[in-house]
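Input: a single structure, listed below in structure tokens.
The values are calculated or read from the model by the stated rules, or taken from the named source; none is laboratory data. This structure is a prediction, so every number in the text was calculated from the model and none was measured. Methodologically, a virtual Cβ is constructed for each residue, glycine included, from the backbone with ideal geometry; neighbour enumeration extends over all protein chains shown.
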């Protein structure tokens, strides 16, 4: 068990505030962005269970399964072969959501509001995430810059996915570039869309048992839906995705560099996960990713290796437009 205090004093948290929007980060639990709030309106999935200590091997569904985490070096639990002829077990949703991150904001990088660093448990990878929150004409923009470093002595395989769980209500809509008309299916609860590896049409997809469904439209929590899909590799003009939330009066648009992060994962969950008894997710995760699969052990032309001492950086932007501004 990681012997770290999770629910630390208030001053351990990082809070960014700009003109009506408040963003809260919890360094003690994976650098989690726990809250993005406009007034009393929370934009992220609330904790399903209270925050608690993480272990090196626990599954993600044993945790609060909320907010915004970073998945590295894999989303799915797996075993990978390394350059020194050994193998390494990678835990569910990776390492970084289960460790305390270090706040290095005052390390001279004054152009950023927050700079946090998380270090891997299964592989010696260090991720730095810098954030800057600014007000715009129609709302707010969160600029992010990620930098990954191999602190070990051998080349290391890796993949990364952002994991922002945005809260939704029935009738909210996912918007993708018009040129995206199909997605690869990673998994679908009850195989309602088919089996992993199948390709489904976007936005109107065929159901495995007949009929059609609009994947872009959020359903009710009673629907019990839980699907993971991937778009990509993405072209230079397919560098964004959005979530329209008429019920909350906001539109959330994420922009990224498709050369650095050429895939987009979509997790749509309307009461379909977790499988255990208790509260269920009601949210959509828009996940810029380096790979079109959840498991680092599944290799292909997307697979990446970082040499010993090497670094790799990539940007991302989240724009929040609000009718309240």
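Within region 1-115, which strands (runs of 3 or more DSSP E) (wholly inside it) include 2 or more residues that are more than 26 Å from residue 248 (Cα to Cα) and either under 20 Å from the mean Cα position of the chain (by Cα) or modelled with pLDDT of 95 or more (or both)? The qualifying strands (runs of 3 or more DSSP E) are 78-81, 87-90. When 153, 247, 188 are screened for being under 22 Å from residue 275 (Cβ atoms) and over 16 Å from the mean Cα position of the chain (by Cα), only 188 passes. Residue-level check: of (1) within 20 Å of residue 69 (Cβ to Cβ); (2) surrounded by 19 or more Cβ atoms within 10 Å (Cβ to Cβ), residue 279 misses just (2). With respect to residue 309, determine if the residue is closer than 27 Å to residue 123 by Cβ and free of Cβ contacts under 8 Å to residues at least 24 places away in the same chain. Considered against the rule, which asks whether it is closer than 27 Å to residue 123 by Cβ and free of Cβ contacts under 8 Å to residues at least 24 places away in the same chain, residue 309 comes out as no.
Among the residues of region 150-182, those identified as within 25 Å of residue 246 (Cα to Cα) and buried (at least 17 other Cβ atoms within 10 Å of the Cβ) are 162, 163, 164, 165, 166, 167, 168, 172, 173, 174, 176.
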